[in-house]
Amino acid sequence: MKQVKVIKIDVDKCNGCRACEAICSAFHAAPKYSSTNPERSRIRVLFDPLKDIYVPVIAGEYTEAECNGRNIYTINEKEYDECSFCRASCPSRELFKEPDSGLPLKCDMCEEKSPQEEPLCVQWCINDALTYEEKEEEGEEEEKPGEMEIGLESLVKKYGVKTVRDTLARIAKG
Ligand code: SF4
Ligand code: SF4
């Protein structure tokens, strides 16, 4: 059995306050809680107030190539843009990229160093648009790549392994 952690998102309850973006970016700042910058957040709220659309999206996998086919969703008579529900850090948009380095951002369920009882974005969402569940599912616990591995992989894809290796060696020499 493996432990599966799920954040449920209810777009109808989100009012676009962006508290989730603030706390996530503060938690991931260096030093921790030293700044807030939504662009560093692993959760982003896509919004269009004129259409009463607020969609919190949590960063998922990095993808090297953008997709060819996209969908427009109509839910409760609201029309959502093609990429509204997509969690990918992808070349076709600026979302989920670290603003200084361009490295992909991915939600770590706030477990990087100090595990949270409940993810911080869930704790800070006073409208209950985000709720948290842990459940057990059949299957083996799979080992997930860490943030550093994902970042290095994307650098290698962008610049090639030799450039990345030479740069690391140069940095290590100081
Ligand atoms: S904290 Fe909750 S209500 Fe506020 S923007 Fe985030 S998901 Fe929406
Ligand atoms: S679970 Fe934690 S890391 Fe993931 S989006 Fe929410 S605050 Fe950010």
Total residues in the range 30-50, condition touching a Phe, Trp or Tyr at 6+ places or on another chain (Cβ under 9 Å) and more than 20 Å from residue 94 (Cα to Cα)
1
If the Cβ limit is 7 Å and pairs must be 6+ apart or interchain, which residue in the range 9-22 that is under 10 Å from residue 56 (Cβ atoms) pairs with which residue that is assigned to a helix (DSSP H, G or I) and within 11 Å of ligand 2 (Cβ to nearest atom)?
20/121; 20/124
Given (1) open to solvent by 90 Å² or more (accessible area, probe 1.4 Å); (2) under 18 Å from residue 151 (Cα atoms); (3) within 16 Å of ligand 2 (Cβ to nearest atom), identify the lone condition not met by residue 100.
(3)
Looking at (1) open to solvent by less than 50 Å² (accessible area, probe 1.4 Å); (2) more than 16 Å from residue 131 (Cα to Cα); (3) more than 12 Å from the chain's Cα centre (by Cα); (4) more than 16 Å from ligand 1 (Cβ to nearest atom), which one does residue 26 not meet, given that it meets all the others?
(4)
Can you name the condition, by its number, that residue 4 falls short on among (1) near ligand 1 (Cβ under 9 Å from one of its atoms); (2) in a strand (DSSP E or B)?
(1)
Working only within the range 52-75, note down all residues that are part of a loop (DSSP other than H, G, I, E, B) and either without any contact (Cβ under 8 Å) to a residue 40 or more places away in the chain or open to solvent by less than 80 Å² (accessible area, probe 1.4 Å) (or both).
52, 59, 60, 63, 65, 66, 67, 68, 69, 70, 71, 72
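The values are calculated or read from the model by the stated rules, or taken from the named source; none is laboratory data. Computed from a prediction, not measured in an experiment: that's the story for all the values here. Using ideal geometry, Cβ is built from the backbone for each residue, glycine included, and neighbour counts are taken over all protein chains shown. Just so you know, the surface numbers come from the protein's heavy atoms only, side chains and all, with ligands and any DNA or RNA stripped out. Shrake-Rupley method; radii C 1.70, N 1.55, O 1.52, S 1.80 Å.
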